[in-house]
Amino acid sequence: MKIPLAKPEITIADRKAVIEVLKGSDLSLGPKVQAFEKQIARYIGTKYAVAVSSGTAALHLIMKALNIKKGDEVITTPFSFIASTNCILYEKAKPVFVDIESETLNIDPEKIETKITKKTKAILGVDIFGHPADWPALKKIAKKYNLYLIEDSAEALGSELKGKKCGTFGIAGIFSFYPNKQIVGGEGGVIVTNNQKLAYLCRSLRNQGRRLEKEKWLEHVRLGFNYRLTDIQCSLLISQLKRINRILRKRMKIASLYEKKLKRLAGIQLPIVKSGVKMSWFVYVVRLNEKYSPRERDLLIKKLAQRGIQTRAYFPPIHLQPFYQKMFGYKRGDFPVCEKIADRTIALPFYHQLKEKEINFIVQNFKRILKNVKA
Ligand SMILES: *Cc1c(COP(=O)(O)O)cnc(C)c1O
């Protein structure tokens, strides 16, 4: 048996939707892009959505549109995919990391205020693994210090906190449609916001900084990018968004099967879902106890791979990535909660077509190897 970490689900209807676009000549900036923007905005509950070429591009455009620049500081989490911090560097601003809370693995609001300076412009929170950050607490701090609040919800499409969807808590949020995400476009991303000016700027910036009102042929009023998303991708995304509730239910089912089968196993900690949270599961990440070393975790990953089961250490801390260490002088010990957890996480295979029989195979092997991994 060979079980990958993630796998996109492409149905016959999805394929048909793509082929439909290929029969016409609107391959980019056409009706499918507009339709997708309308539908995702409705699903999330924002006034505006701007589709772009990736989640990273979405984050970058928000930085640019908010005029975050050299000399500015942005507070963010070191426990994330690297894109949530790189976007700050793209505009030459300085990322300021704040350690995470050990339950949700999201930025710890209690540790933020001591990091705020005159240069702080924004707080960029991430809904890690699909679990909402503590947005009410983050909002309070942002308001008190007059900071922008930005939401990287790349992993949290459909997650809710107290009935409010992720992506709607700050001035703008983003989602990603990379093949391991809840819905996929091959590549793709979107900015969601209720702020008209920000939506306008992102729309112009994604298309080479064009003037959008009273459009004159090829008139560029600002330095922009080519961050456009194609109609081919948007057609695929529309097709998947149609079944989003079914997709999220399937993923929920898989998470509860893992929980049921692993909850009595000693030596590990399963994902925690706080009350008031509706999870859109992105990955299923188990944490090993402190009696296991990072080396033993790595050995577990290797042995599982030998059985055909792909697992991964999610996420290596951003501040310990070689170029961040070099640029900012970060070292081990700087963000101890993040490091201690990152050293012992293991993401199990997780995608919505995963069968119970495969989950049994994964769990059996996981249990057996975990027992033997301590030399
Ligand atoms: C996937 C992801 C992104 C970036 O999305 P891309 O579409 O791959 O550029 C950003 N932040 C987080 C937390 C992600 O998981």
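The values are calculated or read from the model by the stated rules, or taken from the named source; none is laboratory data. What you see is a predicted model, and the numbers here were worked out from it, not measured in a lab. We place every Cβ from the backbone using ideal geometry, glycine too, and count neighbours over all the protein chains shown. Heavy atoms of the whole protein, side chains included, go into the accessibility calculation; ligands, DNA and RNA do not. Shrake-Rupley method; radii C 1.70, N 1.55, O 1.52, S 1.80 Å.
Points to keep in mind about this one:
- Looking only at region 23-59, and only at residues there that are aromatic (Phe, Trp, Tyr) and more than 16 Å from the ligand (Cβ to nearest atom), the one that is farthest from residue 227 (Cα to Cα): 43
- Candidates 222, 249, filtered to the one that is closer than 24 Å to residue 282 by Cα and surrounded by fewer than 21 Cβ atoms within 10 Å (Cβ to Cβ): 249
- Checking each residue in region 273-285 for being open to solvent by 50 Å² or more (accessible area, probe 1.4 Å) and of a type in the set (A, V, I, L, M) picks out only 273.
- Among residues of region 153-171, those that are more than 9 Å from the ligand (Cβ to nearest atom) and not in a strand (DSSP E or B), counted: 11
- Scanning region 63-72 for residues that are of a type in the set (A, V, I, L, M, F, W, C) and not in a loop (DSSP other than H, G, I, E, B) turns up 63, 65.
- Annotation: of all residues in region 99-132 being assigned to a loop (DSSP other than H, G, I, E, B) and free of Cβ contacts under 8 Å to residues at least 40 places away in the same chain, the one that is most open to solvent (accessible area, probe 1.4 Å) is 118.
Quick grid of which residues meet (1) in a strand (DSSP E or B); (2) modelled with pLDDT of 95 or more; (3) of a type outside the set (S, T, N, Q); (4) closer than 30 Å to residue 19 by Cα:
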site	(1), (2), (3), (4)
205	no, yes, yes, yes
216	no, no, yes, no
228	no, yes, yes, yes
235	no, yes, no, yes
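- You will find that of 62, 68, 19, the residue that is β-branched (Val, Ile, Thr), over 23 Å from residue 320 (Cα atoms) and open to solvent by 40 Å² or more (accessible area, probe 1.4 Å) is 19 and no other.
- Total residues in region 297-330, condition assigned to a helix (DSSP H, G or I) and either surrounded by fewer than 17 Cβ atoms within 10 Å (Cβ to Cβ) or hydrophobic (A, V, I, L, M, F, W, C) (or both): 16
- Out of 291, 260, sole residue that is open to solvent by 20 Å² or more (accessible area, probe 1.4 Å) and modelled with pLDDT under 95: 291
- Hits in region 23-53 - residues which are closer than 12 Å to residue 234 by Cα and open to solvent by 20 Å² or more (accessible area, probe 1.4 Å): 26, 27, 28, 29, 31, 32, 34, 35, 38, 39, 53
- Residues (crowded, with 24+ Cβ neighbours inside 10 Å and among the acidic types (Asp, Glu)) located in region 153-171: 155
- Applying the criterion of being part of a loop (DSSP other than H, G, I, E, B) and either within 10 Å of the ligand (Cβ to nearest atom) or out of contact with any strand residue (DSSP E or B) (no Cβ under 6 Å at 6 or more places or on another chain) (or both) to the residues of region 133-147, the residue that is nearest to residue 113 (Cα to Cα) is 145.
- Residue count for region 1-16 satisfying the condition of being more than 23 Å from residue 230 (Cβ to Cβ) and crowded, with 16+ Cβ neighbours inside 10 Å: 2.
- Only one of 150, 183, 191, 174 that is surrounded by 20 or more Cβ atoms within 10 Å (Cβ to Cβ), modelled with pLDDT of 95 or more and near the ligand (Cβ under 10 Å from one of its atoms): 174
- Residue satisfying all of: in region 73-98; open to solvent by 10 Å² or more (accessible area, probe 1.4 Å) and assigned to a loop (DSSP other than H, G, I, E, B); farthest from the ligand (Cβ to nearest atom) among these: 92
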